[in-house]
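The values are calculated or read from the model by the stated rules, or taken from the named source; none is laboratory data. These numbers come from a predicted model, not from an experiment. Here Cβ is always computed from backbone atoms with ideal geometry, including for glycine, and neighbour counts include all displayed protein chains.
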Amino acid sequence: MRRTIAELTVIASLVIVAAVVSQLFFPNRIPFFTRFTTIQADNGPVKIPALLVNSVDKSGANDSASLAEENPAAISTDETYAAFIEKRGILIDARDSEEYGRGHIQGAWNIPYTDLLNHAEVLDTLPSDTLMIVYCDGEECLASMELANQLVAMGFSRVRYFFGGWNSWQNNQYPISRTGEP
Amino acid sequence: MRLNPVIRHILRILLGGLFIYASLDSLWRPALFTRAIYNYHLLPDIFLHPAAILLPWVEMITGIMLIANIFPRTNAGIQAVLLMVFTIAVSIAVARGLDINCGCFSLDENGTRTTVWKIGENLLMIVLAVVVFYTTPTTGSGLSQSKLQEHR
């Protein structure tokens, strides 16, 4: 037993040393303590880990810089509805085609967040400053953030994730479509 | 439990190699690994970064030590416990209907998802770790013990 404890201590020490060294020299390092950022959701401000908002390729030392760029940034239900009415930009449903077929925001494109490459050809034809509002089910799902980050990585400069998503849109009884087409 | 020493060493190296391989992507892309952990919605947010930094190193260090035959029994034991924790997490995700990247080997979009198959894969790895744990001598390194047996 004493031997096992001694071995566990050695292993734990090695892990801690390796983690500390990696924190000093690793190019892709992240802060050791979770950093939070506040985003505006429909039911008020929500505190979430900052890394979830940042572009995934911009981890580490330049966290605050990438946060300041606010691309992608959160957009409320009201703002999304305003963009919808004024026909500004495009709405993108990041859920899979089955969920999209069961119901989506009227006119929204379906680009499942796992399937962006298959839509790259169409997206390439759009100006890089096109307003893109990405959504999924609601605050519990992260597909919209994943897709928003991928769109930013593709070079789009005005990407917004609609945190309230499909649930909030339905609750407000805004226009929807229940077909597999936009 | 007795096992042919050659088979035992092969299993030990296989288990160590699997853990080293599993740690590589998460070590290199900790931000993505943080997201993978977050997606399970099991760990309080405050522990996300420490877990994303420490877990891959636990995998890497125990994997290297297992291959080098240093404290093989303890390292196999740690890996068995880790695998059990991972399996419970994946099972909860499956039960909740979450289809997320499991954060296991590849963190790419087309990486392994949380499915029943993944649970089965993990169970096989648990069996492997438990076999290595129970067949490794309790005293001395596995290598020295087998050499002792050969000398007898």
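The single condition among (1) surrounded by 21 or more Cβ atoms within 10 Å (Cβ to Cβ); (2) in contact with a Phe, Trp or Tyr (Cβ under 8 Å, 6 or more places away or on another chain) that B:Pro50 does not meet is (1).
Taking first residues from the stretch A:163-182 that are at pLDDT 85 or above and partners that are of a type in the set (Lys, Arg) and part of a loop (DSSP other than H, G, I, E, B), the Cβ contacts under 8 Å between residues at least 6 apart in sequence or on separate chains come to A:Trp166/A:Arg95.
Among the helices (runs of 4 or more DSSP H) lying completely within the stretch A:77-182, list those that include at least 2 residues that are of a type in the set (Phe, Trp, Tyr). Walk me through how you get there before you give the answer.
Values: elements: A:77-85, A:97-102, A:120-124, A:143-154, A:165-171.
Passing ranges, in order: A:77-85, A:165-171.
When B:Ala51 is tested against (1) within 11 Å of chain A (Cβ to nearest Cβ); (2) over 16 Å from A:Ile11 (Cβ atoms); (3) within 17 Å of the chain's Cα centre (by Cα); (4) outside any helix (DSSP H, G or I), only condition (4) is not met. Residues that are in contact with a Ser or Thr (Cβ under 7 Å, 6 or more places away or on another chain), part of a helix (DSSP H, G or I), over 19 Å from A:Leu24 (Cα atoms) and not charged (D, E, K, R): does the stretch B:9-27 have at least one? The answer is yes; a qualifying residue exists.
Applying a threshold of 6 Å to beta carbon distances and a minimum spacing of six or more residues, or different chains, the list of pairs starting in the stretch B:56-77 at a residue that is under 15 Å from B:His9 (Cα atoms) and more than 9 Å from every other protein chain (Cβ to nearest Cβ) and ending at one that is among the hydroxyl-bearing types (Ser, Thr, Tyr) and surrounded by fewer than 24 Cβ atoms within 10 Å (Cβ to Cβ) reads B:Asn69/B:Ser141.
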